Amino acid sequence: LVQSGAILGFTIRAQEEAPTGAIRAIMLVEVAGRSTDAVIRLLRGIREIHALHTTNGAWDLVAEIVSPTLPDFDRVLREVRMIEGVLNSETSILLRSLA
């Protein structure tokens with residue numbers, strides 16, 4: 001398959017594990033009108049946000065948060081909510097991974 005060109009290459013994906021005891025969460029973010037690009041730029045500057053996704057529906061962005069402590073986690077929530085253009089957010093802490 002490689003010689004015929006059907007397979008162009010190979011890659012691996014390693015599982016990214018959060019540090020033991022880290023707080024992991026998903027934050028849904030609603031953004032005002034045309035401020036999405038500016039909000040994304042500011043969210044990318046928060047080191048605890050490990051991934052950021054656009055989405056459809058009631059929420060505009062999904063942020064994956066990994067924080068070492070609850071005080072750091074609380075700071076991240078406050079930082080995000082203080083960003084101009086963030087209208088609303090909802091955060092769920094991930095308690096246990098099943099797969």
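Of note:
- Within the chain, helix-based [θ] at 222 nm, where runs of 4 or more DSSP H residues each add -39,500 (n - 2.57), nearest 500: -6500 deg cm²/dmol
- Overall dimensions of the chain as given by Cα atoms, namely Rg and Dmax in Å: 17.1, 55
- Between the amide H of H50 and those of E64, I65, V66, distances stay under 5 Å, these residues lying 5 or more places away or on another chain, with hydrogens modeled in the peptide plane.
- Highest-fluctuation residue, E79, E48, E64 considered, GNM on the chain with Cα pairs under 10 Å: E79
- Order of exposure, largest accessible area first, which applies to L70, L61 with probe 1.4 Å: L70, L61
- Once the Cα atoms are used to define both axes, helix 70-82 deviates from the longest principal axis of the chain by about 80 degrees.
- Exposed loop positions in the chain were taken to be trypsin sites (Lys or Arg not before Pro) whose DSSP state is not H, G, I, E or B and which have at most 13 other beta-carbon atoms within 10 angstrom. Between these positions, the longest stretch is 48-95.
The values are calculated or read from the model by the stated rules, or taken from the named source; none is laboratory data. Since the structure is predicted, the reported quantities are computational estimates derived from the model, not experimental observations. Please note: Cβ atoms are built from the backbone with ideal geometry, for glycine as well, and neighbour counts cover all protein chains shown. Keep in mind that these areas ignore ligands, DNA and RNA; they rest on the heavy atoms of the full protein, side chains included. Shrake-Rupley method; radii C 1.70, N 1.55, O 1.52, S 1.80 Å.
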